[in-house]
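Below is one structure, written out as structure tokens; the observations come after it.
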Amino acid sequence: QVQLVESGGGLVQAGGSLRLSCAASIASGRTYIVGWFRQAPGKEREFVAAINNRGSSTVYADSVKGRFTISKDNAKNTVYLQMNSLKPEDKAVYYCAADRRSTLVADQRKEEYDYWGQGTQVTVAS
């Protein structure tokens, strides 16, 4: 029902910027919350940001608030994650995920998301 494909990862110097894209194929008439998660080697997958269907509400992890911006273009069926002022600790595989829910809450948990993309690697050089 839902297919997600991430792109835009790569290598960037600390302090630099990168924009990730999540191309979403979602059944007509269905609405989803779309979130970004990341996972570094040896660590649990953690929440980064999420956006509701209309793009009217967003939630961010404290670690990225003020630096990252999530947005979406429904006409293109794409969700973006603009990452600025990147730090070495931002290095991880970034995943796009979808949750069929109507309410966007502050506490986003990976266990509540139903669909996942393959991930895209982000490397930040110090």
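I want to verify a result. In a Gaussian network model of the chain, Cα cutoff 10 Å, which of these has the top mean-square fluctuation: ARG45, ARG19, ARG30?
ARG30
Over the chain, with a Gaussian network built from C-alpha contacts below 10 Å, which listed residue (ALA98, ALA49, ALA40) shows the highest mean-square fluctuation?
Maximum among the listed residues: ALA40.
How would the stretch 34-78 be classified by its alpha-carbon gyration tensor: rounded, prolate or oblate, with rounded meaning a/c under 1.5 and the a/b versus b/c comparison settling the rest?
In terms of gyration-tensor shape, prolate.
Which residue fluctuates most in the GNM of the chain (Cα springs below 10 Å): TYR115, TYR60, TYR95?
Top of the fluctuation ranking is TYR115.
Roughly how many Å² is the accessible area per residue of the chain, as a whole number, for a 1.4 Å probe?
Accessible area per residue, the chain: 53 Å².
Could you size up the charge dipole of the stretch 50-126 around its Cα centre, putting +1 on the beta carbon of Lys and Arg and -1 on that of Asp and Glu, and report it in debye to the nearest 20?
That gives a dipole near 200 debye.
Remind me, relative contact order of the stretch 51-126 in percent, using alpha carbon pairs under 8 angstrom and six or more residues apart?
Rounded, it is 31 percent for the stretch 51-126.
Taking the Cβ-Cβ separation of SER17 and SER126 as r and a Förster radius of 25 Å, what is the calculated FRET efficiency to the nearest 0.05?
Taking R0 as 25 Å, the efficiency between SER17 and SER126 is 0.95.
List the GluC sites (Glu not before Pro) within the stretch 25-126 that DSSP assigns to loop and that have no more than 15 neighbouring Cβ atoms inside 10 Å.
Answer in residue order: GLU44.
Take ASP107 and ALA75, extend 7 Å from each Cα along the Cα→Cβ direction, and tell me the distance between the two endpoints in nm.
3.9
Where in the stretch 1-18 does the amide nitrogen come within less than 18 Å of the point 7 Å from the Cα of GLN118, taken along Cα to Cβ?
Backbone N within reach: 1-11.
Quick one: grab the alpha carbon gyration tensor of the chain, order the square roots of its eigenvalues as a ≥ b ≥ c, and give me rounded if a/c is under 1.5, else prolate or oblate depending on whether a/b is larger than b/c.
It comes out prolate by the Cα gyration axes.
The values are calculated or read from the model by the stated rules, or taken from the named source; none is laboratory data. Everything numeric here is computed off the predicted structure, so don't read it as measured data. Note that we place each Cβ from the backbone using ideal geometry, even for glycine, and neighbour counts take in every protein chain shown. Please note that ligands, DNA and RNA were not included when accessible areas were found on the heavy atoms of the full protein model with its side chains. Shrake-Rupley method; radii C 1.70, N 1.55, O 1.52, S 1.80 Å.
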